[in-house]
1. Could you list, in sequence order, all residues of region 15-46 that are touching a strand residue (DSSP E or B) at 6+ places or on another chain (Cβ under 8 Å), surrounded by fewer than 15 Cβ atoms within 10 Å (Cβ to Cβ) and closer than 20 Å to Gln78 by Cβ?
2. Within region 6-62, how many residues turn out to be among the aliphatic types (A, V, I, L, M) and under 22 Å from Ala111 (Cβ atoms)?
3. Got at least one residue in region 47-70 being aliphatic (A, V, I, L, M), buried (at least 22 other Cβ atoms within 10 Å of the Cβ) and assigned to a helix (DSSP H, G or I)?
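We did not get these values from a lab; they are worked out from the coordinates using the rules stated. Just so we're clear, the structure is a prediction, and the values are computed from it rather than from any experiment. Because the Cβ atoms are built from the backbone with ideal geometry, glycine has one as well, and the counts that use them run over all protein chains shown.
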Amino acid sequence: MTEQALKLARITKRPDYLAVANTRRKWVTPSFILQAKPGEGDSPPRAGFTVSKKVGKAVIRSRARRRLKEACRAILPQFGQAGWTYVLVGRPCSVDYDFMKMQADMKWALAKLHAGADLSPGKPHGKPQKTKAGRGKT
């Protein structure tokens, strides 16, 4: 394989991460949360990675991020949709999770997002309405 084929198209700017999060398209797995933003065009799929301080100290977060990147590097070129942008959010168990299972989960999550499984008919697509408990008339 060429080095270009091994290099993953990345997102690095905060507005790109926010744009993906605002689509509210996501699939949750035990080791990561996959967020997706549908796109158009023939550009290769892009990916971003984030792991919060809830996961652990810097060394642990870096290890989780490296594992997510490597799984994504192996799976996304084959199973990602052209033009789409993905963000993988590491969860605490992503450090010790079986790598083959992580790759299988990534394939499953990509298939579900592309099929629109996260867009069930009864699910609201906008921001959820906040209600104030105990403030209504009785």
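1. Gly39, Ser43
2. 10
3. yes
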